[in-house]
Number of protein chains: 2
Amino acid sequence: MKKQVSLQKRKTFRHGDLRNALVTAGLEMARAGGPNAVILREATRQAGVSPNAAYRHFAGQTELLDAVRSACLSRVAAAIEDEMKKYKAGRNPQAFARNSLRAVGMGYLGFAMREPGMFRTAFSVPPPVHSPDPANTASMGLNPFQLLSLALDRMQESGLLSKKDRKNAEYLAWSTVHGLAMLALEGPLHKMPREMVLALGERLVVMVERGLS
Amino acid sequence: MKKQVSLQKRKTFRHGDLRNALVTAGLEMARAGGPNAVILREATRQAGVSPNAAYRHFAGQTELLDAVRSACLSRVAAAIEDEMKKYKAGRNPQAFARNSLRAVGMGYLGFAMREPGMFRTAFSVPPPVHSPDPANTASMGLNPFQLLSLALDRMQESGLLSKKDRKNAEYLAWSTVHGLAMLALEGPLHKMPREMVLALGERLVVMVERGLS
DNA sequence: ACCAGAAAGTGGACACTGTCCACAAGTGGC
DNA sequence: GCCACTTGTGGACAGTGTCCACTTTCTGGT
């Protein structure tokens, strides 16, 4: 239907862009079924190539998953950016700061609700921590964590947060929205309607803002 | 080494307690490697029984995992209870309420740090929501969620929380600690030292307490 | 223009998983 | 003592990740 190009058997022996094709296929599987659903052989099948061909581009299934996770993280970052763009820096820096924080939280949560599979994949197995890996970023060149830091910086600069309270505040804020997202996606709250989750998210952001200082 | 009893080939054709043996084996696998590591065939092997024997007690691997998850949830509840027992209701109900909330948060997080595999298993795939399943509880007969509710009730009763703010507050509080735990276990913070995670946890609980009202 | 060597993909095999089927071995009620 | 029922066995199958030896194609140096 969509990328028929990869299904019709190619004429050339070389695929030309296999690595990308595999990641794309893997991304689709992650979208549909989360990290456990990204399956190496299936990816090669969709790329119209033998299973072992994948090993020319990835050391194994784990590395393929790593690449897919990276792609998922980029999507998360993009969603946050989109949300942040709704607010412009105006004459009230405190309002701007608050809106930034809200945008990060709600962008994060919104993506989790919209693309559960990708979200779960993005935060599944141990990635190499805070690597400033440019592959995880969107157009602003910041990963989700850095976008959050930015929002918190604005809080501090506008006087909403003391220097002391600012320290490590990203972890506190992040935990909050991430936790709600996970509980709603694969935890005990998975039957809660999305609107309610998002409503809780609103309260959560307020709680963070109030509780941080 | 430990439960040799299940390894030496039994004399009777019947195992006698196979279901339990399978869950126990599964629990050990979950402890060591999280939900993905609980493998049906391996459980039967450890129980000294043929793979198919498991199907007399579970419809399939998923059901075995369900049972293991239930057991993990019990452990979480037990850990929270242990933490709560440290504080007794005294002449200051507000302090008691605060301590209860702290106990829930820190008990939860502490267990996550001590038993990452079990914790991840406990909150992995969709369980049947808020079923008051007695299998998930510890000695007080309350599951982790209910223990949290109890702590929040104490907050309200002691006047620390208004009726309006009390509503759905468990979700907000829960999200917070759960999020930190997940980020620390299988998220980008997995290299953060446990002491730091727990220190963040302390701040987090304070933030919740301050932010909820 | 050649041609060696690297890069990319193929085919076959292996061990492992979950699961299905038909069958055997004990057990309990009448 | 028999017979139905539960529990466990054995053999099979498809699907997975991965290793090995092999072939096909591309590329760069002479």
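The values are calculated or read from the model by the stated rules, or taken from the named source; none is laboratory data. As the structure is a computational prediction, the values presented were derived from the model and not from experiment. Positions of Cβ are generated from backbone atoms using ideal geometry, with glycine treated the same way; all protein chains shown enter the neighbour counts.
Are there any pairs, at least 6 apart or on different chains, whose C-beta atoms fall under 8 Å, with the first in the stretch A:183-203 and within 8 Å of another protein chain (Cβ to nearest Cβ) and touching a residue at least 12 places away in the same chain (Cβ under 8 Å) and the second hydrophobic (A, V, I, L, M, F, W, C) and part of a helix (DSSP H, G or I), and if so, which? Filtered contacts from the stretch A:183-203: A:Leu200/A:Leu180; A:Leu200/B:Leu172.
Checked against (1) within 13 Å of DNA strand C (Cβ to nearest atom); (2) modelled with pLDDT of 95 or more, A:Thr24 passes all but condition (1). Restricting A:Met155, A:Met207 to those that are at the interface with chain B (Cβ under 8 Å from one of its Cβ atoms), in contact with a Lys or Arg (Cβ under 9 Å, 6 or more places away or on another chain), among the hydrophobic types (A, V, I, L, M, F, W, C) and assigned to a helix (DSSP H, G or I) reduces the list to A:Met207.
Among the residues of the stretch A:13-40, the one identified as over 17 Å from A:Ala122 (Cα atoms), within 8 Å of DNA strand D (Cβ to nearest atom) and either within 14 Å of chain B (Cβ to nearest Cβ) or crowded, with 19+ Cβ neighbours inside 10 Å (or both) is A:Leu40. Annotation note: of A:Thr121, A:Thr62, the sole residue that is surrounded by fewer than 21 Cβ atoms within 10 Å (Cβ to Cβ) and among the polar types (S, T, N, Q) is A:Thr62. None of A:Asn52, A:Asn92 is assigned by TED's automatic domain parsing to the domain that holds A:Leu27, at pLDDT 90 or above and out of contact with any helix residue (DSSP H, G or I) (no Cβ under 7 Å at 6 or more places or on another chain) except A:Asn52.
For the stretch B:55-74, a residue qualifies if it is within 16 Å of DNA strand D (Cβ to nearest atom), among the hydrophobic types (A, V, I, L, M, F, W, C) and part of a helix (DSSP H, G or I), and the qualifying residues are B:Leu64, B:Ala67. In the stretch A:13-23 there is at least one residue that is among the small types (Gly, Ala, Ser), out of contact with any helix residue (DSSP H, G or I) (no Cβ under 8 Å at 6 or more places or on another chain) and farther than 29 Å from A:Ala173 by Cβ. Being surrounded by fewer than 21 Cβ atoms within 10 Å (Cβ to Cβ), in contact (Cβ under 8 Å) with a residue 24 or more places away in the chain, more than 16 Å from DNA strand D (Cβ to nearest atom) and closer than 23 Å to A:His190 by Cβ is a property that does not hold for B:Asp82.
When the stretch B:41-54 is filtered for residues that are in a helix (DSSP H, G or I) and surrounded by 14 or more Cβ atoms within 10 Å (Cβ to Cβ), the ones remaining, listed by number, are B:Glu42, B:Ala43, B:Thr44, B:Arg45, B:Gln46, B:Ala53, B:Ala54.
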